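See below for the structure under consideration.
Nothing in this text is a laboratory measurement; each read-out follows from the coordinates by a stated rule. Keep in mind that this is a model prediction, so the values were computed, not measured. Virtual Cβ from ideal backbone geometry, glycine too; neighbours counted across all protein chains shown.
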Amino acid sequence: MTFQRETLTVNNIPITLFSAGDGPPLLFLHGAGTSHGIEFAEPWTKTHRVLIPRHPNWSTSGAAPWMTMIHDYVMHYLEFIDQLGLQQVDLAGVSMGGRMAAQFTAEHRRRVRKLVLIAPAGLNIPGYEVPNFSRMTPEQILDALTTKPVLIASRLPVPTAEWLAERDREATSFGGVIPDLFDRRFTRWLHRINVPSLLVWGEQDRTTPIQQAPEWRKLIPSIQFLPIPGAGHLALEEDPAVAEQIGSFLNG
């Protein structure tokens, strides 16, 4: 199914939104980069209305330089679902988007039916910290993100000046939220998450190592755990079966 692209204005910020499918709404929050596409989400469109917005300050969405805290993005997505007239959503997020999804659910759990966290960022466990991407070459970054760099690279478009400018913009935006992203005060409220939840993690993740997963499972005791053998940080893009397994959880 082809995703439709449109622009919504949320709290005076133009937002790029990709949507497809029919059924209960599934809101997917992306991570620090958006260059690797959304094809992985196509299986979910068989059972859900899939909503994939670009965060403010990312990709082709509008600028909101004042948004430097994860709570800003939580409030943005609360406004987003209110504007769409949605009482409740299935919520999924990867990496930085997983951190947003976790905090959103802790604060607004009645608006979430089911929660999926995919290699969520936010914890720096000693010995298993997130690498400093600012000191890495593009090739090193790709190797850190995936166990299948050739596959992922083949899905990237031929770089244009506009495409490269978007990547620079996303890197700058990510740098702006990093201090709050890793502020552990958010963990004090994760016990409030009482909706059916699933934690998905590639066993070969070198960006947010799977060794961080036990801490997340302590913080959200009821969460189910799905390790993905052989997969890296971009497990959704590396293995189509991951999206199918997430779909089974959402539909179960």
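At 0.36 nm per residue, minus the direct Cα-Cα distance, what do residue 124 and residue 22 gain on full extension? Give it in nm, one decimal, please. Present the calculation step by step, with values, prior to reporting the outcome.
Details: separation 102, 0.36 × 102 = 36.72 nm, distance 3.80 nm.
So the chain would gain 32.9 nm between residue 124 and residue 22.
Once amide H atoms are built 1.01 Å from N in the peptide plane, which residues 5 or more positions from residue 29, or in another chain, come under 5 Å H to H?
92, 93, 94
Assigning unit charges at the beta carbon (Lys, Arg +1; Asp, Glu -1) and nothing else, what dipole magnitude in debye, to the nearest 20, does segment 7-91 show about its Cα centre?
100 debye
What would the Debye formula give as log10 I(q)/I(0) at q = 0.11, 0.22 Å⁻¹ for the alpha-carbon point model of segment 102-206, no solvent?
Taking Cα atoms of segment 102-206 as identical point scatterers yields -0.49, -1.31.
With each label point set 7 Å from Cα along the Cα-Cβ vector, what nm distance links residue 8 and residue 47?
Calculated label separation equals 2.3 nm.
Given an 8 Å cut-off on Cα distances and at least 6 residues of separation, report the relative contact order of segment 104-252 as a percent.
That works out to 36 percent.
Quick one: length gained pulling residue 151 to residue 244 fully straight, 0.36 nm per residue minus the C-alpha distance?
Residue separation times 0.36 nm, minus the Cα-Cα distance, leaves 31.5 nm.
Kindly point out which whole DSSP H helices in the chain project their C-alpha atoms 15 angstrom or further along the helix axis while averaging a Kyte-Doolittle hydropathy of 0.0 or above.
Qualifying helices: 240-251.
Relative contact order (percent) for the chain, with alpha-carbon contacts under 8 angstrom and 6 or more residues of separation?
Details: 469 pairs, mean separation 52.7, N = 252.
Averaging sequence separation for qualifying contacts and normalising by length gives 21 percent for the chain.
Does segment 4-251 come out rounded, prolate or oblate by the C-alpha gyration tensor, with a ≥ b ≥ c the root eigenvalues, rounded set by a/c under 1.5 and, if not, prolate when a/b is larger than b/c and oblate if not? Don't skip to the end; give the middle numbers.
Working: a/c = 1.20, a/b = 1.05, b/c = 1.14.
The shape class here is rounded.
Between residue 225 and residue 60, with labels modelled 7 Å along Cα→Cβ, what's the label distance in nm to one decimal, could you check?
If labels sit at residue 225 and residue 60, their model points lie 4.1 nm apart.
Rank by packing, highest mean first: peptides 20-33, 85-98, 186-199, with packing defined as the count of other Cβ atoms within 10 Å averaged across residues.
For the peptides 20-33, 85-98, 186-199, the packing ranking is 85-98, 20-33, 186-199.
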